[in-house]
Amino acid sequence: MVESSVGGVVPAVKGEVMRRMGDKEEGGSVTVRDEEVGTVTEWELDRELLCPICMQIIKDAFLTACGHSFCYMCIVTHLQNKSDCPCCSHYLTTSQLYPNFLLDKLLKKTSARQISKTASPVEQFRHSLEQGSEVSIKELDALLLMLSEKKRKLEQEEAERNMQILLDFLQMLRKQKVDELNEVQHDLQYIKEDLNSVERHRIDLYRARDRYSMKLRMLADDPIGKKPWSSSTDRNFGGLFSTSRNAPGGLPTGNLTFKKVDSKAQISSPGPQRKDTSISELNSQHMSQSGLAVVRKKRVNAQFNDLQECYLQKRRQLANKSRVKEEKDADVVQREGYSEGLADFQSVLSTFTRYSRLRVIAELRHGDLFHSANIVSSIEFDRDDELFATAGVSRRIKVFDFSSVVNEPADAHCPVVEMSTRSKLSCLSWNKYTKNHIASSDYDGIVTVWDVTTRQSVMEYEEHEKRAWSVDFSRTEPSMLVSGSDDCKVKVWCTKQEASVLNIDMKANICCVKYNPGSSVHIAVGSADHHIHYYDLRNTSQPVHIFSGHRKAVSYVKFLSNNELASASTDSTLRLWDVKDNLPVRTLRGHTNEKNFVGLSVNNEFLSCGSETNEVFVYHKAISKPVTWHRFGSPDIDEADEDAGSYFISAVCWKSDSPTMLAANSQGTIKVLVLAA
């Protein structure tokens, strides 16, 4: 009952009271443990040792007439402003201050006790010596001996640790170098095998060339080879003779005979000339081939490091393949005399060294008298590469006939179809099945499907809330298209429906979208968050993979194949990705792109993009540096013009499986370029 009337009590306090009551019952009086006394005493003592002014341990203690102690400097400074005691406000002057020797001694002892608690044994020993502790010579000798042994032990342990660290480093270095050596040995083995294969193949080619040359010489020198020519000539002239004889008023026989002889002379005489001509042509051709070989060797030397990396990468990949596949392809390798990796690299090497420049074969102006804004935002070939369409800030879609642009004079280039829009255009995409359908996206966020034949819109989608940057038709499902916008949304449309069929909400602005050419359910999305998001449209809750590496917004994404993806960014790089294994492949550098959409286009082997230096750059997908580039120039623009440096390439497009491409710049100039040796 008594406990219940007490009420809520803090458990620790209640336990302390009960313990002390127990101690009183046992001993007859309340006993406090020594630790408690020490703790209370030290706490109270520490409090008394604080200066009331600075609240620090008193230094150089002085006592006032009213009995309070302060630091000398603290109380003197206080009395310069006021004439009273800080503790009791009693009248006080500097003449009423007296040294407190007893408190100074207590402070020294307290300080020594604090050091003994917190200091290391070495510090305590040093403090004892400083305080004048008596130590005999024998004790010092023992201490010195012990310290020397301790020092040697510590040095030994430190040396062992350092040696272990050095040993670990050398073992790691040896392992790394052994791995590198093994890799180099394997690479040398690959090179040795490939050298033998190439030498055998080259000897076979030389022998075949010699056989063909011998046959040509035999045909040129063998008189038997002339008989068919003579017999055919005789037959032709025999026909002429019979005709002459049968014709009314024919020529006399003497004249006919003279003509026959003369004709024979004319026919037989070109023989040696033709032989000399063929030899001179062969010699000139050989010289031109030699010059071309020298040029191609220079290209190899200029890009040797990148080509070396490409070769080793392909050969190592082949070595990592399963033996089953190697055995399956053994017949092919043996027949060709090449390994698969070497054959792939030879294809890269021959393609890379084949071209050294971009040659202009046609040029046209996109602008007109009524629209001063000429920037071409998008340029695209149609399904059959017969037509190409352009669009930009002029609010017009213009369709040109490619053959006419190439073959007709520059002043005759007029669009075969022209369609006006309400807003500036950002992107075009031809339908790869329905030849006359083309989709566009504009600055108002409207996605439109046009019929080029009727020049009318087929469908208009107005669900985007901000500017739509990109649109793309599916290659495998021609009724489906996808678009991306500044409203951070990706929308999938069907030309058979008036509303979007799928919506993907993202956290950043969408700069570009692209269907995988081999799938109707996979799309790549380039975003202002510096990433490429690869989605499966059957499950859009999260992307299949996010490709990271760009340092700025991703402005374009294009597929080279079903598994190869290329991206462009305003960090002045192009990047290649493997969407099958979700791996980065290569980074391409050389152009300048920090703020504008400069275009990106791909074919099987090459990539092209624009630059803010008003140049078009071409890359091979296996080499990180440009193959070649071409600078736009206009006779109407003075090179010293201040605005000349602000012009940039705004759109590019390859012709399918061809070295020909289209490129447009911010002045509205469109050029047809072809890769040339």
Which pairs in the list Lys314/Lys514; Lys432/Lys496; Lys466/Lys621 are over 24 Å apart, alpha-carbon to alpha-carbon?
Lys314/Lys514; Lys466/Lys621
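Classify region 561-600: rounded, prolate or oblate, from the alpha-carbon gyration tensor (a ≥ b ≥ c, eigenvalue square roots; a/c under 1.5 rounded; otherwise prolate if a/b is larger than b/c)?
Numbers: a/c = 3.01, a/b = 2.16, b/c = 1.39.
Because a/c hits 1.5 or more and a/b exceeds b/c, region 561-600 counts as prolate.
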Pick out, from Phe402, His413, Ser377, the residue whose Cα sits farthest towards the positive end of the charge dipole of region 340-454, with +1 on the Cβ of Lys and Arg and -1 on the Cβ of Asp and Glu.
Ser377
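With +1 assigned to the C-beta of every Lys and Arg and -1 to the C-beta of every Asp and Glu, and no other charges, what is the dipole magnitude of region 530-677 about the Cα centre in debye, to the nearest 20? Could the numbers behind the result be given before it?
Values: 14 positive and 16 negative charges, 139 e Å.
Computed about the Cα centre, the dipole is about 660 debye.
Show me 64-71, 553-560, 177-184 ranked by packing, highest mean number of other Cβ atoms within 10 Å first.
Numbers: 64-71: 18.1, 553-560: 23.2, 177-184: 10.5.
Ranked from most to least packed, the peptides come out as 553-560, 64-71, 177-184.
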How about region 375-454: which chymotrypsin sites (Phe, Trp or Tyr not before Pro) there are in a DSSP loop, with at most 16 other Cβ atoms within 10 Å of their Cβ?
Tyr433
Among residues other than Val417 whose Cβ falls under 14 Å from its Cβ, what is the net charge (Lys/Arg +1, Asp/Glu -1)?
-2
Using only protein heavy atoms and a 1.4 Å probe, report how much of Asp84 is accessible, in Å² to the nearest 10.
40 Å²
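For region 124-189, give the percent of accessible area contributed by carbon and sulfur heavy atoms, probe 1.4 Å, rounded to a whole number.
61 percent
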Can you tally the net charge around Phe70? Count Lys and Arg as +1, Asp and Glu as -1, for every other residue whose Cβ sits under 12 Å from the Cβ of Phe70.
0
Averaging sequence separations of C-alpha pairs under 8 Å and six or more residues apart, then dividing by the length of region 528-649, give the relative contact order as a whole percent.
16 percent
Rounded to whole angstroms and listed largest first, the alpha-carbon spread of region 509-623 along its three principal axes comes to 42, 29, 20
Stokes-Einstein diffusion coefficient of region 545-677, Kirkwood radius over Cα pairs, 37 °C, 0.692 mPa s, in µm²/s
217 µm²/s
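For region 554-677, report the accessible area per residue in Å² (1.4 Å probe, heavy atoms, rounded to an integer).
Details: 4460 Å² over 124 residues.
With all protein chains present, region 554-677 gives 36 Å² per residue.
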Provide the per-residue ³J(HN,Hα) series for region 70-83, in order, calculated from phi with Karplus coefficients 6.51, -1.76, 1.60 and θ = phi - 60°, each as a whole number of Hz, with x at glycine and proline positions.
9, 5, 4, 5, 5, 6, 5, 4, 5, 6, 5, 9, 9, 10
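For Leu166 and Gln497, compute 0.36 nm times the residue count separating them, minus their Cα-Cα distance, and round to one decimal in nm. The partial results should precede the final answer.
Values: separation 331, 0.36 × 331 = 119.16 nm, distance 7.16 nm.
Full extension from Leu166 to Gln497 adds 112.0 nm.
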Multiply the residue separation of Glu157 and Ala302 by 0.36 nm, subtract the distance between their alpha-carbon atoms, and state the gained length in nm to one decimal.
46.7 nm
Calculated FRET efficiency for the pair Asn562/Arg200, C-beta based, R₀ 35 Å, to 0.05:
0.50
Shape of region 59-201 from its Cα gyration tensor (a ≥ b ≥ c, root eigenvalues): rounded if a/c is under 1.5, otherwise prolate when a/b > b/c, or oblate?
oblate
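For region 340-489, what does the alpha-carbon gyration tensor say about shape, rounded, prolate or oblate, given a ≥ b ≥ c as the root eigenvalues, a/c under 1.5 as rounded, and a/b over b/c as prolate?
Details: a/c = 1.89, a/b = 1.30, b/c = 1.46.
Oblate is the answer for region 340-489, as a/c is 1.5 or above yet b/c matches or exceeds a/b.
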Under Karplus coefficients 6.51, -1.76 and 1.60, residue-wise ³J(HN,Hα) of region 136-151 in Hz, glycine/proline x:
7, 5, 4, 5, 5, 4, 5, 5, 5, 4, 5, 5, 5, 5, 5, 5
Solvent-accessible surface (1.4 angstrom probe) belonging to Asp168, in square angstrom, nearest 10:
70 Å²
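Might you tell me the accessible area per residue for region 67-156, computed with a 1.4 Å probe and given in Å²? Present the calculation step by step, with values, prior to reporting the outcome.
Numbers: 6960 Å² over 90 residues.
It amounts to 77 Å² per residue over region 67-156.
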Count the net charge of all other residues whose Cβ sits under 13 Å from the Cβ of Val554, scoring Lys and Arg as +1 and Asp and Glu as -1.
+3
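If R₀ is 51 angstrom, what is the calculated FRET efficiency for the pair Glu123 and Arg174, using the beta carbon separation as r and rounding to 0.05?
With R0 = 51 Å, the Cβ-Cβ based efficiency is 0.65.
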Over the Cα atoms of region 442-520, compute the convex hull volume and normalise it per residue, giving Å³.
90 Å³
May I ask you to give the percent of accessible area on region 517-558 that is carbon plus sulfur, with a probe radius of 1.4 Å?
46 percent
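In whole percent, how big is the carbon plus sulfur part of the accessible area of region 387-513, probe 1.4 Å, protein atoms only? Mind dumping the intermediate values first?
Values: 2330 of 5270 Å².
Accessible surface attributable to carbon and sulfur in region 387-513 totals 44 percent.
The values are calculated or read from the model by the stated rules, or taken from the named source; none is laboratory data. It should be emphasised that the depicted structure is a prediction, and the values quoted were computed from it without experimental measurement. In this analysis, Cβ positions are derived from the backbone assuming ideal geometry, glycine residues included, and neighbour counts consider all displayed protein chains. These area figures cover heavy atoms from the full protein model, side chains too; ligands, DNA and RNA do not enter into them. Shrake-Rupley method; radii C 1.70, N 1.55, O 1.52, S 1.80 Å.
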